[in-house]
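Everything on this sheet refers to the single structure shown next.
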Amino acid sequence: MRETVTCPQCRQETVFRAWPRSPREYIASWLGIAPFTCQSCQHRFLASSLGARQSKHQVDRREHLRIPVRLYLSFSGGKVKGEGMVLDLSMGGCIIKSDTQVHVDDIFYLEISLGKGEAPIEVAAMVRSVSSRGIAFKFLRKAQDNKRLLGFIQSSLGTPHGTFAKPAEPALSN
């Protein structure tokens, strides 16, 4: 019978196999012990990957689970201002749809609206890529440093550590 890998720190099952980062992790992976990262508390740990049931959300190069959302956002940086729709959100960044022209490595201040009557989540981010799918942003600070963003992501993952009971309805206008 295959076992589910759980985080030794928070006991959640929202863990994903990660790529080895250190010589120790590379050697352990040759022995069937793989690095894992918890999506709830961001704890990184080693566990046996032999016989472990893999999550239905297979993570390839990514360190964080993407959460599909539809949230309005506005962004600004330098002389560029824009708005759009957040399509995917994770602890490390987001993907948005926008008609605004941006370039890789541009830095922006994002304001993500959770719903009417709530202050937007504010975060600094850098453009990682621009494609037909959208603009991929990488947050410059970890989501753990932004309690509202962390709470929203955790509540969307269904973990008990979130500060919101459920994800807010997206705001469609400013």
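The values are calculated or read from the model by the stated rules, or taken from the named source; none is laboratory data. All of these numbers come straight from a predicted model, not from anything done at the bench. FYI the Cβ positions are ideal-geometry reconstructions off the backbone, even for glycines, and counts take in every protein chain you see.
Laid out as a table, the results:
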| item | result |
| --- | --- |
| Flag if residue 141 is surrounded by 13 or more Cβ atoms within 10 Å (Cβ to Cβ), of a type outside the set (Val, Ile, Thr) and either at pLDDT 85 or above or closer than 20 Å to residue 42 by Cβ (or both) | no |
| Within region 79-99, tally of residues that are of a type outside the set (A, V, I, L, M) and either surrounded by 15 or more Cβ atoms within 10 Å (Cβ to Cβ) or not assigned by TED's automatic domain parsing to the domain that holds residue 145 (or both) | 9 |
| Residues (in a loop (DSSP other than H, G, I, E, B) and in contact with a strand residue (DSSP E or B) (Cβ under 6 Å, 6 or more places away or on another chain)) located in region 118-140 | 120, 140 |
